[in-house]
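The values are calculated or read from the model by the stated rules, or taken from the named source; none is laboratory data. On a predicted model such as this, the values are computed, not experimentally measured, just so you know. Every residue, glycine among them, receives a Cβ derived from its backbone with ideal geometry; neighbour counts consider all protein chains shown.
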Amino acid sequence: MASPHPAPPASNRIIRWLTYLMFMMFAMTTDSVGVIIPEVIKEFDLSLTAAGSFHYASMIAIATSGVFLGFLADRLGPRLTIILGLGFFAAASGLFAAGNSFGFFLVLLVASGLAIGVFKTGALALIGDISRDTRDHTATMNAVEGFFGVGAILGPALVAALLARGASWKLLYVFAAGLSLILLLVAAFTRYPARERPAGGEKLDLVASLRLLADPHASLFAWGLGLYVAVECAIYVWMPTLLADYSGSAKALVGYALPAFFVLRAAGRFLGAWLLRRWDWAAVLALFGGAIFLCFLGSVLGGIEAAIYLLPLSGLFMSVIYPTLNSKGISCVPKARHGAAAGLNLFVSCLGAAVGPLAMGAVGDAYGGARHGFWLAAGFAALLATGLVWNWRFAPARRVLADRDADDYQTAS
């Protein structure tokens, strides 16, 4: 299969930075829910489960968009898909300034989540177009997720600064709307690489996308992503609530726990972009998966005193897992189907992001506090570690990834 002609180097650099900044922008909103949820609990007198819908709503919308609209990146092309997604995201985020009811905010979160699913699949499809091989694809994905990690630091910090000055957390979304409009203009005037069409005249539609669920390699990585995200969301959705009432000797560190997690996760992803070019990705993931489990196990056995240190530390080990599994899942299919594969990964990972915290919130409500939900998260971490060790030991996707290198990247620059 012929590879597409690469875009000029200058365009490749613009595409990379556009992708980096898009991920940073939406992370500022999605990863700020941990510091927003305590505010909406007070403002609207909500239970943990109800307040958690501030997170579930957008995650379910992103998941729905990924699986039902992911094919648009292949059918319409990344450029138009990104422009449409950024436009709708800017509109939904800007409208936060006009609302004052919890229901209205949930509607806007659903709308912005659908938009994120559209422009994110377009951006992920572009990464394959500008990568030299599957290893380069994985390294680039880690760099992209590194900028996502930067956004996850900036968003909560901005919310905290707004609240400290008596301003509303809603201004975070207004800021994101403005940044989205700037990125939309950049996307509109950027030259993109030509895309190859699927062999045999395969249709680029929803039915073709859903067929990926039957692909053993693509679906294996997708469900691994879902399990990982359930573990990660335990930190930024419920850790602030877990630590909120702590009054022990390490109370001064509580306010730094979530920022420390995000900083370690971001730093680890930039390190991962370098590390995964030099070491076997499966071995690295198996090692880091085991370390994550130990952090969660120590947190539930040692109590909040241990959790203050171990839960943020888990971010360092989480750093490379999501982008690497995402990259391998996308790389398992031909480049012409990268948008659909990205949509599948987005669907399952957001399903994990919705179901995991929802289950933790329900357990917390049933047994009397957020700390009980972290026992469930430790179970998720144990399953994740087991799966990553199995993948390292048996390498089920090694052959198909080698085939994709030979077929899709042989002339890419």
Test: residue in segment 208-231 that is in contact with a Phe, Trp or Tyr (Cβ under 7 Å, 6 or more places away or on another chain), surrounded by 21 or more Cβ atoms within 10 Å (Cβ to Cβ), modelled with pLDDT under 90 and not in a loop (DSSP other than H, G, I, E, B): yes
Subset of segment 62-72 that is among the hydrophobic types (A, V, I, L, M, F, W, C) and farther than 18 Å from residue 25 by Cβ - its residue that is surrounded by the fewest Cβ atoms within 10 Å (Cβ to Cβ): 68
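Going through segment 84-111 one residue at a time, which ones are of a type outside the set (A, V, I, L, M, F, W, C) and farther than 10 Å from residue 177 by Cα?
Once the filter is applied, which keeps residues that are of a type outside the set (A, V, I, L, M, F, W, C) and farther than 10 Å from residue 177 by Cα, segment 84-111 yields 85, 99, 100, 101, 103.
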Whichever residue in segment 361-413 is among the β-branched types (Val, Ile, Thr) and assigned to a helix (DSSP H, G or I) and, among such residues, is modelled with the lowest pLDDT: 400
Verdict on residue 103 being touching a Gly at 6+ places or on another chain (Cβ under 9 Å), over 14 Å from residue 173 (Cα atoms) and either surrounded by 23 or more Cβ atoms within 10 Å (Cβ to Cβ) or not aromatic (Phe, Trp, Tyr) (or both): no
Count - residues of segment 102-153 that are over 25 Å from residue 87 (Cβ atoms) and in a loop (DSSP other than H, G, I, E, B): 3
Positions within segment 37-95 being of a type in the set (Gly, Ala, Ser), under 20 Å from the mean Cα position of the chain (by Cα), more than 24 Å from residue 237 (Cβ to Cβ) and not in a helix (DSSP H, G or I), in sequence order: 70
Residue within segment 353-366 that is surrounded by fewer than 23 Cβ atoms within 10 Å (Cβ to Cβ), more than 30 Å from residue 114 (Cβ to Cβ) and not aromatic (Phe, Trp, Tyr) present: yes
Filter result for residue 346 (over 19 Å from residue 385 (Cβ atoms) and either hydrophobic (A, V, I, L, M, F, W, C) or at pLDDT 90 or above (or both)): yes
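Among the candidates 339, 364, single out the residue that is touching a Gly at 6+ places or on another chain (Cβ under 7 Å) and more than 26 Å from residue 239 (Cβ to Cβ).
Numbers: 364 fails: more than 26 Å from residue 239 (Cβ to Cβ).
After ruling out the rest, the residue left standing is 339.
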Only listed residue being surrounded by 24 or more Cβ atoms within 10 Å (Cβ to Cβ), in contact (Cβ under 8 Å) with a residue 40 or more places away in the chain and not aromatic (Phe, Trp, Tyr), chosen from 77, 87, 94, 52: 52
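Rundown of residues vs (1) in contact with a Leu (Cβ under 9 Å, 6 or more places away or on another chain); (2) over 13 Å from residue 221 (Cα atoms); (3) touching a residue at least 12 places away in the same chain (Cβ under 8 Å); (4) surrounded by fewer than 24 Cβ atoms within 10 Å (Cβ to Cβ), yes/no style:
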{"residue": "314", "(1), (2), (3), (4)": "yes, yes, yes, no"}
{"residue": "320", "(1), (2), (3), (4)": "yes, yes, yes, no"}
{"residue": "326", "(1), (2), (3), (4)": "yes, no, yes, no"}
{"residue": "331", "(1), (2), (3), (4)": "yes, no, yes, no"}
{"residue": "334", "(1), (2), (3), (4)": "no, yes, yes, yes"}
{"residue": "339", "(1), (2), (3), (4)": "yes, yes, yes, no"}
{"residue": "345", "(1), (2), (3), (4)": "yes, no, yes, no"}
{"residue": "351", "(1), (2), (3), (4)": "no, yes, yes, yes"}
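To keep it simple, each residue is scored yes or no on (1) more than 20 Å from residue 236 (Cβ to Cβ); (2) modelled with pLDDT under 90; (3) more than 17 Å from the chain's Cα centre (by Cα).
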{"position": "277", "(1), (2), (3)": "yes, yes, yes"}
{"position": "283", "(1), (2), (3)": "yes, no, yes"}
{"position": "286", "(1), (2), (3)": "yes, no, yes"}
{"position": "291", "(1), (2), (3)": "no, no, yes"}
{"position": "294", "(1), (2), (3)": "no, no, yes"}
{"position": "298", "(1), (2), (3)": "no, no, yes"}
{"position": "304", "(1), (2), (3)": "no, yes, yes"}
{"position": "318", "(1), (2), (3)": "no, no, no"}
Contacts under 8 angstrom Cβ, first residue in segment 364-382 being in contact (Cβ under 8 Å) with a residue 60 or more places away in the chain, partner in a loop (DSSP other than H, G, I, E, B) and of a type in the set (Ser, Thr, Tyr), 6 or more apart: 365/47
Selection from segment 155-174 of residues that are without any contact (Cβ under 8 Å) to a residue 12 or more places away in the chain and in contact with a helix residue (DSSP H, G or I) (Cβ under 6 Å, 6 or more places away or on another chain): 162
